[in-house]
Amino acid sequence: QVQLVVFGGGLVQSGGPLTLSCVTSDSIAGVYYLAWFRQPPGMEREFVGSSTNNPSVYYAESVRGRFTISRDNAKNTMYLQMNSLKPEDTAVYYCQQSVSPAYWGQGTQVTVSS
């Protein structure tokens, strides 16, 4: 059973940076698809960005230019570096590994104060 653990959430001021880490029990060098999602308060879970191992990275329009996804294969970790945070980035952030089946981390709260 694949397990993912997310680290790094917290409270940050608007305009500030924050980095999330997603550690997987798999060797991510062989994992084609990893992604970040988030669920704002009272809203549906939404796509933030994804990383494939060919490699390619994709971002939602709302975060493009501010967020960066990277991988460290040696640490089996995917990162989400978030800069210029806005109050509307407040959400529970999740990482996902693969699609079928999909594995999810437990989520971490990110709160951006105005």
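What FRET efficiency do you get for Glu46 and Lys75 if R0 is 25 Å and r is their Cβ-Cβ distance, rounded to the nearest 0.05? The computed FRET efficiency comes out at 0.40. Normalised by the number of residues in segment 14-97, the mean separation of alpha-carbon contacts (under 8 Å, six or more apart) gives a relative contact order of 43 percent.
When the Gaussian network model of the chain links Cα atoms closer than 10 Å, the mean-square fluctuations of Ser100, Ser25, Ser84 top out at Ser100. For segment 41-114, trypsin sites (Lys or Arg not before Pro) are listed when DSSP marks them as loop and at most 13 other Cβ atoms sit within 10 Å of their Cβ; the list is Arg64. Per residue, the accessible area of segment 63-114 comes to 47 Å² when a 1.4 Å probe rolls over the protein heavy atoms. Translational diffusion of segment 26-114, estimated by Stokes-Einstein from the Kirkwood radius over alpha carbon pairs at 20 °C in a medium of 1.002 mPa s, is 159 µm² per second. Surface composition of the chain: carbon and sulfur make up 50 percent of the accessible area, probe 1.4 Å.
For the residue pair Ser56 and Val99, what label-to-label distance in nm results when each label sits 7 Å from Cα along the Cα-to-beta-carbon direction? About 1.0 nm, to one decimal.
The values are calculated or read from the model by the stated rules, or taken from the named source; none is laboratory data. The structure displayed is predicted, hence computed values, not measured ones. Because the Cβ atoms are built from the backbone with ideal geometry, glycine has one as well, and the counts that use them run over all protein chains shown. With ligands, DNA and RNA removed, areas are computed over all heavy atoms of the protein, side chains included. Shrake-Rupley method; radii C 1.70, N 1.55, O 1.52, S 1.80 Å.
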